[in-house]
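Read through the structure below, which is laid out as structure tokens, and then see the notes.
The values are calculated or read from the model by the stated rules, or taken from the named source; none is laboratory data. All of these numbers come straight from a predicted model, not from anything done at the bench. Cβ: placed from backbone, ideal geometry, glycine included. Neighbour counts: every protein chain shown.
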Amino acid sequence: MICAHRISKRYRLYEKPSDRIWELFPFSGPKQPREFWALRDVSFGVEKGEFLGIVGPNGSGKSTLLQILSGTISPTAGRIVAQGRIAALLELGVGFHPESTGRENVYINGEILGLSRNEIRRAMPAIEAFAEIGEYMDRPVKEYSSGMYVRLAFAAAVHSEPDILIVDEALAVGDAAFSHRCVQRFEEMKRRGVTVLFVSHDLGLVKQLSDRALFMLGGRVAAEGRPNEVVNRYAGYVLERQKREEAQGGERNGLTAGHRHGDGLSRVRRVELRDSRGVPRSVFESGERMSVVVEVRFAGHAAEPVVGMLVRNRHGIDVFGTNTRLEGRKLGRFEAGDELEVEFRFDCLFTEQEYTLTVASQHWDGSSQDWLDDVATFRVISPRRQAGFVHLRTEVECRKRSGAA
């Protein structure tokens, strides 16, 4: 069981580090720092064996709350009451010593949690099997990739037999197979009565695992209750904020790709995601009509170019892709200075999660003129929970047959 009563956290913000010293001299002049309240009067309780999912936009106080609950920082006001052993998996880089090996760090963290060396030794084979980092188990942690670090940290935390587990967006770094193992482990812990508090931007996962959910906004609890209702309220907030940004001209068209290559015969100048009314958006409801607009400018003579798009999920797995050649559209000939706009319209039959968009202009044989990896991101929200990547509009027909007399 864990209970938070009127938790608040204040930070003092200084214009420069030396201003901290001037506070020691009360008559030295106006050097008062600004105050920032990361949390304000946050209260809730979590019963034994309950899973609490916490959602909210960046900067809403989610991570600060988990740090206070796990004891890594102290609240400015309020108090925490917890019963049982707490294991926490917070932001990447916290908890492991970079010069020590993975195995040594597992022992150190286990002892901090109150486990004996014999208990840790018995759990070590299961930790190694879950983390799947092989020989790196005996290499310094500073040599690990972010994915290896999270796999080992998560394995160590869940095999320490905690009464309360606190997790801050740990699954966002792992691959799809690791995420699946983590979900299975969460469900096993739920059956064993372990209390879990976790922050996640994967709203489908929050619905799947949580018994209750919190929606944090501006350092306060904006909503608390059943996961479906809380997640839908958060999704509504995201949509409203997106509409306000669009109305204020906040839509960004700057092209920043994860990787860009091609021979330069043409250049992608603009990429937009739009709703059915032609309004630029970055959040869509599953099932609604959407479009991808790609604008290309040619630097020389091009015969029958091809323009394409590719949607990937957050793990980099290809979900859907097409191009003008596959769709049977020949584009003709272009000269230097000519421009082309291609719009791909389709139903957004994706499940609730975040996706990236890759676009390209190509020659007819598939070689690239301008290829932009992950040039845009968009989020799909849904009031329903579905597995996988696509939401196939399914019709279900049931027939009952009586047993033989």
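Can you name the residue in the range 246-262 that is surrounded by 15 or more Cβ atoms within 10 Å (Cβ to Cβ) and of a type in the set (D, E, K, R) and is also modelled with the lowest pLDDT among such residues? Among residues in the range 246-262 that are surrounded by 15 or more Cβ atoms within 10 Å (Cβ to Cβ) and of a type in the set (D, E, K, R), the one modelled with the lowest pLDDT is Glu251. Just to confirm my filter: which strands (runs of 3 or more DSSP E) fall fully inside the range 321-405 and include at least 2 residues that are within 24 Å of the chain's Cα centre (by Cα), outside the structural domain of Gln208 (by TED's automatic domain parsing) and within 21 Å of Leu203 (Cβ to Cβ)? Correct list: 353-362, 368-381. Among the residues of the range 86-122, those that are crowded, with 19+ Cβ neighbours inside 10 Å and over 25 Å from the mean Cα position of the chain (by Cα) comprise Gly102, Asn105, Val106, Asn109, Gly110, Leu115, Ile120.
I'd like the full set of residues that are in contact (Cβ under 8 Å) with a residue 60 or more places away in the chain and farther than 21 Å from His180 by Cβ, limited to the range 128-170. Across the range 128-170, the qualifying residues are Ser160, Glu161, Pro162, Asp163, Ile164, Ile166. All of (1) under 21 Å from the mean Cα position of the chain (by Cα); (2) buried (at least 18 other Cβ atoms within 10 Å of the Cβ) hold for Ile68 with one exception: (1).
Of all residues in the range 37-57, those satisfying the criterion of being in contact with a helix residue (DSSP H, G or I) (Cβ under 6 Å, 6 or more places away or on another chain) and either under 18 Å from Arg233 (Cα atoms) or among the aromatic types (Phe, Trp, Tyr) (or both) are Phe51, Gly53, Ile54, Val55, Gly56.
Can we say Ser382 is surrounded by 20 or more Cβ atoms within 10 Å (Cβ to Cβ) and modelled with pLDDT under 90? Spelling it out, Ser382 is indeed surrounded by 20 or more Cβ atoms within 10 Å (Cβ to Cβ) and modelled with pLDDT under 90. When you scan the range 125-148, do you find a residue that is aliphatic (A, V, I, L, M) and part of a loop (DSSP other than H, G, I, E, B), even just one? Scanning the range 125-148, I find at least one residue that is aliphatic (A, V, I, L, M) and part of a loop (DSSP other than H, G, I, E, B), so the answer is yes.
Quick one: in the range 263-293, which of the residues that are over 24 Å from Arg314 (Cα atoms) and touching a Leu at 6+ places or on another chain (Cβ under 9 Å) is surrounded by the fewest Cβ atoms within 10 Å (Cβ to Cβ)?
Among residues in the range 263-293 that are over 24 Å from Arg314 (Cα atoms) and touching a Leu at 6+ places or on another chain (Cβ under 9 Å), the one surrounded by the fewest Cβ atoms within 10 Å (Cβ to Cβ) is Arg269.
Here Val158 clears all of (1) within 28 Å of Gly316 (Cβ to Cβ); (2) surrounded by fewer than 21 Cβ atoms within 10 Å (Cβ to Cβ); (3) at pLDDT below 90 except the condition numbered (2).
Please count how many residues of the range 207-241 are assigned to a helix (DSSP H, G or I) and either more than 19 Å from the chain's Cα centre (by Cα) or among the polar types (S, T, N, Q) (or both). Talk me through it step by step, then tell me what you get.
Our first condition is that a residue be assigned to a helix (DSSP H, G or I); within the range 207-241, this holds for 207-209, 227-241.
Adding the requirement that they be either more than 19 Å from the chain's Cα centre (by Cα) or among the polar types (S, T, N, Q) (or both) leaves 208, 228-229, 232, 240.
Summing the residues that are assigned to a helix (DSSP H, G or I) and either more than 19 Å from the chain's Cα centre (by Cα) or among the polar types (S, T, N, Q) (or both) in the range 207-241 gives 5.
Scan the range 89-106 and give yes if some residue there is within 22 Å of Pro162 (Cβ to Cβ), outside any loop (DSSP other than H, G, I, E, B) and in contact (Cβ under 8 Å) with a residue 60 or more places away in the chain, otherwise no. Yes, the conditions are met somewhere in the range 89-106.
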